[in-house]
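Structure record follows, encoded as structure tokens.
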Amino acid sequence: MEPVRKPSTRGFASMDPEKQRAIARKGGESVPNEKRSFSQNPGLAAEAGRKGGHSVNPTKRSFSQDHSLASAAGRKGGHASHGLPRKA
């Protein structure tokens, strides 16, 4: 049986949810509308994603060349994020 942990009294997670929202809202407001271009221009976001993909050496783009490798990585990520036992 795992020991019961007391909730932390420090940090963002321990704050009142309304206070968290107020702080998060300030972060979003600090970016001017003209700089929030991805949310306003999906084409620009897609173009940036393509640029990012092209900046990787083609010989190192292993997921696009080996779909089974991508599948295996996805399964590993799913297990890691859901706390399931890992396979050796």
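If the chain linking Leu69 and Arg25 were pulled fully straight, counting 0.36 nm for each residue of separation and taking away their Cα-Cα distance, it would gain 11.9 nm. For Lys26, the lysines whose Cα falls under 23 Å of its own Cα, not counting residues fewer than eight places away in the same chain, are Lys35.
One decimal place: the segment Asn33-Ala46 gains 2.8 nm when fully extended, by the rule 0.36 nm per residue minus the C-alpha distance.
Coordinate-derived values only; no laboratory data. Being a predicted model, the structure only gives us computed values, none of them experimental.
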